[in-house]
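The values are calculated or read from the model by the stated rules, or taken from the named source; none is laboratory data. As the structure is a prediction and not an experimental result, all values here were calculated from the model. For neighbour counting, all protein chains shown are included, and Cβ atoms are generated from backbone atoms with ideal geometry for every residue, glycine included.
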Amino acid sequence: MTPVNPELLDRVRQRLAADSAGTAAAPPPDVIAAAIRAESGGLLGDTDLLAALRYLQTEMVGVGRLEGLLADPAVTDVLVVGPDRVWVDRGDGLELTDVVFDDEAGVRRLASRLALSAGRRLDDAQPWVDGRLAGVGRAGVQVRLHALIPPLAPDGTCISLRVLRGAVHSFPSLVDSDSIPVEIAETVEAVVAAKLAFLVVGGTGAGKTTVLGSLLGLVDHRDRMLLVEDAPELDPSHPHVVRMVARAANVEGVGEVTVRTLVRQALRMRPDRIVVGEVRGAEVIDLLTALNTGHDGCAGTLHANSIAEVPARMEALAALGGMERAALHSQLGPAIQVILGVARGRTGARGLSEIGLVERGETGMVAVVPVWRRASGFTDRRDRLDQLIRERR
């Protein structure tokens with residue numbers, strides 16, 4: 001419930017919006033208080049004035065009513081569907097919270113303000129937004145924003161906030177927690193040391209970035225790593241990392257710098273290893289080019305539900321850049337040797353679930369054959385992986 005007359009609050013919002021048009025900065029308390037006094041004609045008592053000020057500050061600063069949820073260090077996602085359904089994920093699946101908005105208009109105002117903070121626009125002409133927010137919820141935390149408004153979202157404005165934590169878990173800590181089983185730890189370390197190119201694959205929230213970050217900490221400290229990301233998540237414990245982050249277009253639609261562009265720049269920066277935080281578009285072509293021109297030990301993550309899906313997923317991404325299926329397979333075979341699959345178990349625990357080798361068949365098409373599965377252990381392809389490691393060391 002609003003603390004004072006809703007019509008008065010609407011007039012105050014309109015005044016503040018007009019005064020701060022074109023800026024993402026929240027108005028300071030004295031400006032809000034002055035607007036309340038002006039719109040109330042000076043007839044509002046001190047108690048009501050303070051209540052209105054607090055209410056509007058909650059609405060107009062940071063992420064508003066979602067601030068407390070993002071302040072929880074266990075929360076990875078906050079999902080809003082209309083005014084009365086706000087969900088969070090703390091690692092054990094979605095939970096419905098007791099946070100509610102006054103009405104659909106309140107959710108839409110928040111979505112529009114967050115879009116402006118991310119340098120985007122959200123209105124009837126542009127009914128969705130995808131961007132990044134900095135400095136919300138917890139100090140130093142980056143949040144990925146997605147919002148969709150009616151009529152595309154008929155149940156009400158949808159806001160999706162994903163906390164982008166730095167992946168700082170060490171390899172030993174993942175082994176200790178069984179995210180990487182002891183039986184496979186030595187083999188995984190050998191894959192990195194032998195400079196075999198690898199991808200970490202899995203579904204959303206499976207722990208791809210966490211596993212990749214821990215493996216990058218094992219890279220020889222003499223190697224120069226060029227790290228290319230869409231959002232800054234990886235923070236490997238390594239002395240020689242050059243970080244590059246893509247940039248989206250601004251509200252005028254200019255200034256975009258894609259991951260693909262940054263991969264091309266990385267090739268000119270004397271890399272020993274190139275790492276793409278997530279391969280999700282045409283940059284796969286440039287990455288495969290790098291892998292086939294002497295840059296061993298490159299790595300990245302890829303969204304796929306299992307290691308067997310990797311060739312088909314790569315085909316789809318390469319098609320975005322105009323590469324045909326046969327050409328993709330001819331490059332993929334010699335470029336990438338190992339696929340590490342991660343998954344979230346039934347209890348919510350995340351970790352390494354399978355390892356595969358990239359092998360080309362008689363038809364020239366590439367397939368990923370399993371070497372190890374968490375449920376059943378090593379397969380008869382272990383000797384082939386061990387042979388590859390010996391050849392590279």
- Message: Yes or no: the range 94-111 includes at least one residue that is crowded, with 17+ Cβ neighbours inside 10 Å, closer than 24 Å to residue 246 by Cβ and outside the structural domain of residue 247 (by TED's automatic domain parsing).
- Response: yes
- A careful count of residues in the range 312-321 that are surrounded by fewer than 23 Cβ atoms within 10 Å (Cβ to Cβ) and in contact with a Leu (Cβ under 7 Å, 6 or more places away or on another chain) gives 3
- Among the residues listed as 75, 80, the single one being assigned to a loop (DSSP other than H, G, I, E, B), touching a residue at least 60 places away in the same chain (Cβ under 8 Å) and buried (at least 18 other Cβ atoms within 10 Å of the Cβ): 75
- Checked the range 285-301 for anything surrounded by 23 or more Cβ atoms within 10 Å (Cβ to Cβ) and either outside the structural domain of residue 344 (by TED's automatic domain parsing) or not small (Gly, Ala, Ser) (or both); matches are 287, 288, 298, 301
- Of the residues in the range 249-265, how many are closer than 21 Å to residue 209 by Cα and either surrounded by fewer than 18 Cβ atoms within 10 Å (Cβ to Cβ) or among the polar types (S, T, N, Q) (or both)? 1
- Query: When residues of the range 193-220 are filtered for being at positive phi and not small (Gly, Ala, Ser), how many remain?
  - Reply: 1
- For strands (runs of 3 or more DSSP E) lying entirely in the range 207-281, having 2 or more residues that are at pLDDT below 90 picks out 273-279
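Condition check ((1) in the same structural domain as residue 99 (by TED's automatic domain parsing); (2) at pLDDT below 75; (3) more than 24 Å from residue 157 (Cα to Cα)) across all residues:
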position: 23; (1), (2), (3): no, yes, no
position: 28; (1), (2), (3): no, yes, yes
position: 36; (1), (2), (3): no, yes, yes
position: 39; (1), (2), (3): no, yes, yes
position: 72; (1), (2), (3): yes, no, no
